[in-house]
Amino acid sequence: MKILVLRTVTWPLLAAFNVVARVWTLLGSTSRRTAHQLADSDTARQARRDTEARLRAIAHAYAESTPLVLRLLVVEDHYTRGMASWDLFTPVRSAYRVSCWMRLKAYYSSPLPPAETVTRILDAGEQVLSGIPFTHDIASEGRQGELTRAGHALTWDLPGSLVPEPEQPANAYRFLCEPPAASVSDIRRRYNTVFILNLPVEDYCRIPR
């Protein structure tokens, strides 16, 4: 009898809590339409331009200081809408209505063999005030065909492990390939080894509630 009474009381409470949780999630989250509008606001657009310009400058700095020749730039622009949820029985809501972030990938060729190219990159990183974080003291720490430091990751073609073509994420707010007709396979066919630089993801705009 006690078990039956508990079930009779508990199930309606759980059902009511489920309804409240659904309503809270719906009303407490930023709608897709609002998130898109905020990501296209003047504030977000200015921050987007500034961030992209800075990331582009880093990619070009590699071409200016090393044998690398820039062949393709890929910019991914994303926004994440603020979501509401529950932490056990406590309602939780994101402090931001929308967060915007950007990723840049740069693809290069080199007129020099890969080993010599890497040596020249490490030499450039040793220079005073260099924006290239790779130096000879960390060259042996990474995996073969890879340099990583300070969020920068430089990889290149190896036998059986080639740099892949860029893929457009399904949820990207903006996806830019420059030049549009360029491809990794074309770069490889014309210039042999392909190098790719992945720069750290940049959170460039957060719009609070």
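Computed quantities for the displayed model
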read-out: Residue in the range 184-201 that is without any contact (Cβ under 8 Å) to a residue 12 or more places away in the chain and of a type in the set (A, V, I, L, M, F, W, C) present; value: no
read-out: Every pair of residues 6+ apart whose Cβ atoms lie under 6 Å, when the first sits in the range 162-175 and is in contact (Cβ under 8 Å) with a residue 60 or more places away in the chain while the second is exposed (fewer than 14 other Cβ atoms within 10 Å of the Cβ) and assigned to a loop (DSSP other than H, G, I, E, B); value: F175/Q168
read-out: Test set (1) in contact with a helix residue (DSSP H, G or I) (Cβ under 7 Å, 6 or more places away or on another chain); (2) closer than 16 Å to T66 by Cβ - I207 fails condition number; value: (2)
read-out: Within the range 97-134, tally of residues that are under 22 Å from N192 (Cβ atoms) and of a type outside the set (A, V, I, L, M); value: 14
read-out: Residue tally, condition among the aliphatic types (A, V, I, L, M) and either within 13 Å of L199 (Cα to Cα) or open to solvent by 40 Å² or more (accessible area, probe 1.4 Å) (or both), over the range 41-72; value: 8
read-out: Contacts under 7 angstrom Cβ, first residue in the range 68-81 being closer than 13 Å to C177 by Cβ, partner modelled with pLDDT under 95 and open to solvent by less than 40 Å² (accessible area, probe 1.4 Å), 6 or more apart; value: R71/A182; L72/A182; E76/P169; E76/A172; D77/A172
read-out: Looking only at the range 144-180, and only at residues there that are of a type in the set (G, A, S) and modelled with pLDDT under 90, the one that is most open to solvent (accessible area, probe 1.4 Å); value: A170
read-out: The range 24-76, residues that are in contact with a helix residue (DSSP H, G or I) (Cβ under 8 Å, 6 or more places away or on another chain) and at pLDDT below 95; value: T30, L38, A44
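The values are calculated or read from the model by the stated rules, or taken from the named source; none is laboratory data. If you're wondering where the values come from, they're calculated on a predicted model, not measured in any experiment. Note that we place each Cβ from the backbone using ideal geometry, even for glycine, and neighbour counts take in every protein chain shown. Heavy atoms of the whole protein, side chains included, go into the accessibility calculation; ligands, DNA and RNA do not. Shrake-Rupley method; radii C 1.70, N 1.55, O 1.52, S 1.80 Å.
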